[in-house]
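Single-structure report; data block below.
We did not get these values from a lab; they are worked out from the coordinates using the rules stated. On a predicted model such as this, the values are computed, not experimentally measured, just so you know. Note that we place each Cβ from the backbone using ideal geometry, even for glycine, and neighbour counts take in every protein chain shown.
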Amino acid sequence: MTELTELVEHRQLFIGGEFTDPLGTEVIEVISPHTEQVIGRVPHASEGDVDRAVAAARQAFDEGPWPRMSLDERIAVITRIKDAFAVRHEEFARLISAQNGTPYSSSVMVQALAAMTVWDSAITVARTFPYEERRDGVLGPLLVRREPVGVVAAVVPWNVPQFTAAAKLAPALLAGCTAVLKVSPETPLDAYLLAEIAAEAGLPPGVLSILPADREVSEYLVGHQDVDKVSFTGSVAAGRRVMEVASRNLTRVTLELGGKSAAVILPDADLEAAVAGIVPFAWMLNGQACVAQTRILAPRSRYDEIAEAFAAAAGALRVGDPLDPTTELGPLVAQRQQRRSLDYIRLGQEEGAKILTGGNRPPSQERGWYVEPTLFGSVDNSMRIAREEIFGPVICLIPYGDEAEAVRIADDSPYGLSGSVWTADTERGIDVARRVRTGTYSVNTFSLDMLGPFGGYKNSGLGREFGPEGYGEFFEHKMIHLPAGYQEA
């Protein structure tokens, strides 16, 4: 399997369920992070295109059939979307890898089949969600309803474009909402596959629009007066801006932001199992994952052997063409991301941290936005490389004394998104998990289950995705007072 050999070009936008000509002439060029060559072109949506998409969504929600269909009817449509992912998962995986550098060896699962699982899990949650319930009130019986919030602006990043799109669209659409999906200019090509699938699945007119655009157009979308809900995934800085703009209309927001998660290795841990379990999720997506285990906390009593084991494992990662099935670490999505990682590597050395492996561009790659898998040792948690989200293949190994210090270091972060603990005593691991202030946590594993709530504490975000908690983000709550003594017929 090699790089894309033909230019992928689209001349229309998907607005209100139809492919239509854009209002402007601006074009987005998609650059391969491996070859640094143009591999695709799509229209750049304008503010006028946003107006058209939001108007279509507004009409479809206010007057169209989608919110008024039965849940089973909506599930039938969403099931067709989910099934199409199963059929076209290799196409999704290859196209996403070509755009953002994810190794194809993991892209099939992480980029494509995981997105399918999100759609499927949302269906499972929707079937048992309490849309309406009776309660005994102080003054009489109550009927509590959960009704779809309305028009949703879903803004997704480039690192897992279909996974994050599914995390927003699946619950929103199943709830009866309509949506405008704004995709990243780095990864717009796979969005056209989603548009084809949505059109074929039978979504009614106006229910879904998909717009590739930059930050300025994104800001216009989230500040639109006819948008009822914004669901955003991205950086903390961008999340703050989304919240600020949305607040002008008091638009509801869900923010899934960054992380600097800690994998805590307790003194009794099986080191071989810890290395095998942590390495794939420290350098996952070439280090471009908000949940990546970017801080590894090692007891001082075993620090040297842990450092040696992780340095060897990281140094052995196969770096190369993301579309080569043997590649384990590909290029970063853009040159700016490569520069950012290299700048942090220089900063880490200036701060006094020691490079245990990596630290440069890989000599095997003459072109492309590559950075070697890099592990820093002798890291203090106060260093910038330990506190700031690098979003590249740069990992910190931090020593600690006792378990209390390990928990303190894990918590000493502006983020609180993910984390893990590795120990021979599962109950002890669960106790650590309960003490660390973070939204998701794993004991002797790393996973993200789509039937449970996902989201962060502190700067890692607001609200939740997945599970009934995430599904509930797309509903308004209504209380209906009933007369005293009322009995349902």
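The table that follows gives values for the structure above.
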read-out: With eigenvalues of the C-alpha gyration tensor scaled by 5 and rooted, the range 262-443, Å; value: 27, 17, 15
read-out: Peptides ranked, highest mean first, by Cβ atoms within 10 Å: ranges 360-366, 132-138; value: 360-366, 132-138
read-out: Share antiparallel - DSSP beta bridges, the range 262-443, percent rounded to 5; value: 15 percent
read-out: Separation of the R346 and R318 label points, Cα + 7 Å toward Cβ, nm; value: 3.3 nm
read-out: Assigned charges on the beta-carbon of Lys, Arg, Asp, Glu; the range 442-489 dipole about Cα centre (debye); value: 160 debye
read-out: Three-way shape label, the range 27-137, alpha-carbon gyration tensor, a/c 1.5; value: oblate
read-out: Diffusion constant of the chain at 37 °C, which comes from Stokes-Einstein with the Kirkwood Cα-pair radius and 0.692 mPa s, µm²/s; value: 140 µm²/s
read-out: Segment D21-Q59, length gained on full extension (0.36 nm per residue, minus Cα span); value: 11.7 nm
read-out: Dipole in debye (nearest 20) - the chain, about Cα centre, beta carbon charges: Lys, Arg +1; Asp, Glu -1; value: 840 debye
read-out: Value of relative contact order over the chain, rounded to a whole percent, pairs C-alpha under 8 Å and six or more apart; value: 19 percent
read-out: Value of relative contact order over the range 262-443, rounded to a whole percent, pairs C-alpha under 8 Å and six or more apart; value: 28 percent
read-out: E91/A276 FRET efficiency (R0 35 Å; Cβ-Cβ; nearest 0.05); value: 0.70
read-out: The range 338-382-the range 241-285 distance, computed between alpha-carbon centres (Å); value: 20 Å
read-out: Förster radius 41 Å - calculated FRET efficiency between D268 and E388 (Cβ-Cβ, nearest 0.05); value: 0.85
read-out: Cα long-axis angle, helix 271-282 against the chain (0 to 90 degrees, to the nearest 10); value: 50 degrees
read-out: Angle between the chain longest axis and helix 114-128 axis [Cα atoms, degrees, rounded to 10]; value: 50 degrees
read-out: Stretch gain in nm, segment E147-D449, where the contour uses 0.36 nm per residue and the Cα spacing is subtracted; value: 106.2 nm
read-out: Chain lengthening between D304 and D51 when straightened (0.36 nm per residue, less Cα-Cα); value: 85.2 nm
read-out: FRET E, pair D380, E36, Förster distance 41 Å, beta-carbon r, rounded to 0.05; value: 0.65
read-out: Degrees, to the nearest 10: 189-201 long Cα axis against longest axis of the chain; value: 30 degrees
read-out: Electrostatic dipole magnitude of the range 317-414 [Cβ: Lys, Arg +1; Asp, Glu -1; Cα centre; debye, to 20]; value: 500 debye
read-out: Whole-angstrom Cα spans of the range 14-83 along principal axes, big to small; value: 48, 31, 15
read-out: Local net charge near E465, Cβ-Cβ under 11 Å (Lys/Arg +1, Asp/Glu -1); value: -1
read-out: Backbone N within the range 190-232 under 19 Å of label point (7 Å from R80 Cα along the Cβ vector); value: 192-210
read-out: The range 130-162 versus the range 447-489: alpha-carbon centroid distance in Å; value: 6 Å
read-out: Under-19-angstrom lysine pairs by C-alpha in the chain, whenever the two are 8 or more apart or on separate chains; value: 6
